[in-house]
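S.K.: I'd like to ask you about the structure that follows.
The values are calculated or read from the model by the stated rules, or taken from the named source; none is laboratory data. Only a predicted model underlies this, so the values are computations on that prediction, with no experimental measurement involved. Note that each Cβ is placed from the backbone with ideal geometry, even for glycine, and that neighbours are counted across all protein chains shown.
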Amino acid sequence: MHGEPSPPPAAPTLFDWEFAANPYPAYAWLRTHSPVHRTRLPSGVEAWLVTRYADARRALADPRLSKNPAHHDEPAHARGRTGIPGERKAELMTHLLNIDPPDHTRLRRLVSTAFTPRRVAEFAPRVQELTDRLIDGFAARGEADLIHEFAFPLPIYAICDLLGVPREDQDDFRDWAGMMIRHGKGPRGGVARSVKKMRGYLADLIHRKREALPAEAAPGEDLVSGLIRASDEGEHLTENEVAAMAFILLFAGFETTVNLIGNGTHALLTHPEQRARLQDSLAAGDMGLLETGVEELLRFDGPVELATWRFATRPLTLGGQDIAPGEAVLVVLAAADRDPERFAEPDVLDLTRRDNQHLGYGHGIHYCLGAPLARLEGRTALATLLTRLPDLRLAVDSTELRWRGGLIMRGLRTLPVEFAPVPN
Ligand code: HEM
């Protein structure tokens, strides 16, 4: 538990490749010995890492911690960064994860209707159809890379549908997004070119939708049309705000869901007893274990390792540590969700876990807007994979898998699997 007798052993090395493969022992050390820990990130920027559950929850909801990068005392960084390629472009900056109330409240209210559980449930048949189509693409082969062929394309098509990107343009979107998170291979400068293409496309899409907007909203109207309608009806949403909203939805909802499917499948394949229980309950038509199980997969090895940047606007004390105005705070969700002060046997994967108020979707006013859609996609993807490919197994040893080294997200580069071929 917390508060061991001194002196503590040396602090672990953070953010190298070994850490990326398994950060949890280092986070356990931080929780015990330095729960609000000053560190220099690989980028050279300094920040406080918050690792205990109680402190993390408090920090995520503390109004003295702003999301607006203008409050950061590092001028170069203050121009804004959540790790999203291209977001320094001024027209895409005003998005939900970079702003505070009252602007945040206004913009969030405008999009929140698109994410009610009922609205998201309308997507279920389309998500199932996409999932099946992607599995059809490799089922007969008996092997696949589940990141590239499955986890990666599924969320991008789902978000395109949500935004109202026409089906014939969705493969372009997939390619640009792939380049932007470097899943795609391509020439140097490909990332910048892809961001530019996507910005241009979004501006054009907004323009075309505005021209073609019917007088009355139809049920199931796409999100971009809904935002244009709101701005035309006096909500004063600028064209940049509409574009920034589309962009943040794409990025907040894309790599996160890729990693939920990737990390979740990996956790199941490396915990055969838990995976067998889930398969048995799915075969019996019981969806209860799938529901608690996806939440447990989010807690155990979630897609968002660190919440996005926060900056102190006033002096505050967190976990006994004074934080000065202008300093940056990074809440380590992955560490908080393994805190033994909050979760019984936190390093054990238990799909039946019910007392599971994990922070995988954040907490407070920036709590994940897309959580209902993410849950739908995660449940559909995992249940369909395990049902259609019942003997799914890793094609390499788990220790050979490479994790992506980014700061905010935790996810695999590839996930090679094998299974008995299933003719389509
Ligand atoms: C498993 C998948 C997902 C996970 C684990 C996840 C996690 C998170 C987390 C931790 C935050 C809070 C970040 C912070 O406070 O710094 C967040 C915010 C957000 N998420 Fe998600 N997310 C997922 C999927 C999605 C999807 C599918 C969408 C939409 C299509 C989405 C849209 C958003 C938006 C718009 C925000 C910002 C909300 C605000 O600032 O008010 N997310 N997400």
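S.K.: Could you go through the range 384-407 and let me know if any residue there is closer than 30 Å to residue 99 by Cβ and outside any loop (DSSP other than H, G, I, E, B).
M.R.: Start the filter on the range 384-407 by keeping residues that are closer than 30 Å to residue 99 by Cβ, which leaves 404-407.
With the extra rule that they be outside any loop (DSSP other than H, G, I, E, B), the set shrinks to none.
No, because not a single residue in the range 384-407 is closer than 30 Å to residue 99 by Cβ and outside any loop (DSSP other than H, G, I, E, B).
S.K.: Can residue 71 be described as within 12 Å of residue 309 (Cβ to Cβ), away from the ligand (no atom under 14 Å from the Cβ), crowded, with 17+ Cβ neighbours inside 10 Å and at pLDDT below 90? Step through it out loud before you land on a result.
M.R.: On the way: within 12 Å of residue 309 (Cβ to Cβ): yes; away from the ligand (no atom under 14 Å from the Cβ): yes; crowded, with 17+ Cβ neighbours inside 10 Å: yes; at pLDDT below 90: no.
No.
S.K.: Here is a further query. What do you reckon, is residue 362 of a type in the set (Gly, Ala, Ser), in a helix (DSSP H, G or I) and within 16 Å of the ligand (Cβ to nearest atom)?
M.R.: Criteria not met by residue 362.
Matching residues to (1) under 17 Å from residue 49 (Cβ atoms); (2) among the acidic types (Asp, Glu); (3) at pLDDT 95 or above; (4) away from the ligand (no atom under 16 Å from the Cβ):
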residue	(1), (2), (3), (4)
295	no, yes, yes, no
298	no, no, yes, no
304	yes, no, yes, no
315	no, no, yes, yes
333	yes, no, yes, no
337	yes, yes, yes, no
349	no, no, yes, yes
354	no, no, yes, yes
370	no, no, no, no
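S.K.: Go through (1) surrounded by 15 or more Cβ atoms within 10 Å (Cβ to Cβ); (2) modelled with pLDDT under 85 for residue 113 and report which single condition fails.
M.R.: Going through the list (1) surrounded by 15 or more Cβ atoms within 10 Å (Cβ to Cβ); (2) modelled with pLDDT under 85, residue 113 breaks only (1).
S.K.: I'd like the full set of residues that are in contact (Cβ under 8 Å) with a residue 40 or more places away in the chain and either assigned to a helix (DSSP H, G or I) or closer than 17 Å to residue 94 by Cα (or both), limited to the range 198-224.
M.R.: 198, 199, 202, 203, 205, 206, 209, 223, 224
S.K.: Restricting attention to the range 387-407, does a residue exist that is in contact with a helix residue (DSSP H, G or I) (Cβ under 6 Å, 6 or more places away or on another chain), crowded, with 18+ Cβ neighbours inside 10 Å and within 23 Å of residue 142 (Cα to Cα)?
M.R.: No: zero hits.
S.K.: Among the residues of the range 269-291, are any crowded, with 19+ Cβ neighbours inside 10 Å, of a type in the set (A, V, I, L, M, F, W, C) and within 11 Å of the ligand (Cβ to nearest atom)?
M.R.: no
S.K.: Can you tell which of 227, 260 is within 13 Å of residue 205 (Cβ to Cβ), of a type outside the set (Asp, Glu), assigned to a helix (DSSP H, G or I) and touching a helix residue (DSSP H, G or I) at 6+ places or on another chain (Cβ under 6 Å)?
M.R.: Values: 260 fails: within 13 Å of residue 205 (Cβ to Cβ).
Only one candidate qualifies: 227.
S.K.: How many residues, within the range 368-398, are under 30 Å from residue 40 (Cα atoms) and without any contact (Cβ under 8 Å) to a residue 40 or more places away in the chain?
M.R.: Here the count works out to 0.
S.K.: Say we look at the range 176-197 and pick out the residues that are surrounded by fewer than 17 Cβ atoms within 10 Å (Cβ to Cβ) and modelled with pLDDT of 80 or more; which of these is farthest from the ligand (Cβ to nearest atom)?
M.R.: Checking each candidate, the answer is 193.
S.K.: When only residues in the range 12-42 that are in contact with a strand residue (DSSP E or B) (Cβ under 8 Å, 6 or more places away or on another chain) and among the aliphatic types (A, V, I, L, M) count, which is surrounded by the fewest Cβ atoms within 10 Å (Cβ to Cβ)?
M.R.: Across the range 12-42, the extreme among qualifying residues is 21.
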